[in-house]
Amino acid sequence: MSDVPTADRLAPADVAALREALDRVQANVERVIVGKTDVVRLLLVALLCEGHVLIEDVPGIGKTTLAKALAQSLGCTFRRIQFTPDLMPADITGVHYYDPRSGEFRFREGPIAANVVLADELNRATPRTQSALLEAMEERQLTVEGVTTVLPRPFLVVATQNPIELEGTFPLPEAQLDRFFLRLRIGYPDEAAEDEMVQRHGGSSPLAELEPVVSADEILAFSASLSRLYVDPEVRRYAVRLVRATREEPALELGASPRASLALVRAARAHAALAGRDYVLPDDVKAMAPHVLAHRLILSSQARLRGRTTEDVLLEIIDRVPVPIEG
């Protein structure tokens, strides 16, 4: 039997409306971000699942522009936080200050209180400052001096880090990496896409001309309905077996947590919805597994010495775990 009662399943018409709305968002973002359809699609998966994204890539390939374009396409607030070694937690969360006119203490919200937050070069901040993001990312609220502030929804943190320059950086701990729903790499565009990008950005910036195409309330409604999209029990168990296989892999010192199982099934649902289907296929699970799981794994010392990566090991696991076949 299904994990969703038949009467409560997401109807094909609802899936069609979801896909049509997010197709508009994608087309709008791609007016600015050229030749990266798959990356934009994955960002929409994270948005639909209300998850956060870690982008690991070199400078100058459009990470900031991507986050801004998404926020403008939804008519949402956007804030950029440049992480540096001297950045303090209060610079992120906000502070209480004394207002002499009223004779009272007031709270000034930090830049984290926005719909889309770009945490640029997150690994350049100290662990204490990095941890200031943890409660916000997980609980979607801030607690400063005993006062709790609920963050706006949708709430999406897009964090970046440069994998090349490691001097003066503080690697993200496993607890923080596990709170990122997806890890992405944008990569350089091909020659045709780069030429088109130069042509588009030769005059006025397309980013300045972007208008909202879907409201934040619509995105929240779509996100709430995602749990009603049908997942066959065999497909669900396939996702669980993939995650559990990472814990039994000798090349890995640490496998994925149960949080990863939940994230993988939810990401597969979003991937299926963006494809216009009201049910999840094993291919949806396989497509999302590298982005959901790889950053949650830790290689063994022997695997690192042999030059293997978590992506290599994960692909071997995906090839090894049997895929459920209909009938």
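Taken across segment 132-151, residues that are under 30 Å from Pro12 (Cβ atoms) and not assigned by TED's automatic domain parsing to the domain that holds Gly276 do not occur at all. Here Pro154 passes the criteria (1) of a type outside the set (A, V, I, L, M); (2) over 11 Å from the mean Cα position of the chain (by Cα); (3) under 21 Å from Ser257 (Cα atoms) except the one numbered (3). Only one entry of Asp99, Asp86, Asp91 meets the criterion of being more than 26 Å from Ile219 (Cα to Cα), buried (at least 17 other Cβ atoms within 10 Å of the Cβ) and without any contact (Cβ under 8 Å) to a residue 60 or more places away in the chain, and that entry is Asp91.
Residue by residue, here is whether (1) of a type outside the set (Phe, Trp, Tyr); (2) assigned to a loop (DSSP other than H, G, I, E, B); (3) within 16 Å of Arg185 (Cβ to Cβ) holds:
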residue: Val25; (1), (2), (3): yes, no, no
residue: Asn28; (1), (2), (3): yes, no, no
residue: Arg31; (1), (2), (3): yes, yes, no
residue: Val34; (1), (2), (3): yes, yes, no
residue: Val40; (1), (2), (3): yes, no, yes
residue: Leu54; (1), (2), (3): yes, no, yes
residue: Pro59; (1), (2), (3): yes, yes, yes
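Of everything in segment 281-301 that is touching a strand residue (DSSP E or B) at 6+ places or on another chain (Cβ under 7 Å) and not in a helix (DSSP H, G or I), the residue that is farthest from Val15 (Cα to Cα) is Ser300.
Pairs are defined by a Cβ separation below 8 Å, a sequence spacing of at least 6 or placement on different chains, a first member in segment 299-315 that is farther than 15 Å from Ala289 by Cα, and a second member that is charged (D, E, K, R); the pairs so defined are Leu299/Glu253; Leu299/Arg308; Ser300/Glu253; Ser301/Glu253. Looking at segment 187-205 only, could you name the residues that are crowded, with 17+ Cβ neighbours inside 10 Å and part of a helix (DSSP H, G or I)? Correct list: Met197 only. Can you confirm whether Val117 is over 23 Å from the mean Cα position of the chain (by Cα) and touching a residue at least 24 places away in the same chain (Cβ under 8 Å)? When the stated conditions are applied, Val117 does not pass them. Here Pro171 meets the list (1) at pLDDT 95 or above; (2) assigned to a loop (DSSP other than H, G, I, E, B) almost entirely, failing just condition (1). Summed over segment 104-131, residues that are β-branched (Val, Ile, Thr), over 17 Å from Leu142 (Cβ atoms) and assigned to a helix (DSSP H, G or I) total 0. Among the candidates Ala251, Ala267, the residue that is surrounded by fewer than 23 Cβ atoms within 10 Å (Cβ to Cβ), assigned by TED's automatic domain parsing to the domain that holds Val292 and under 24 Å from Glu316 (Cβ atoms) is uniquely Ala251.
The values are calculated or read from the model by the stated rules, or taken from the named source; none is laboratory data. Only a predicted model underlies this, so the values are computations on that prediction, with no experimental measurement involved. Note that we place each Cβ from the backbone using ideal geometry, even for glycine, and neighbour counts take in every protein chain shown.
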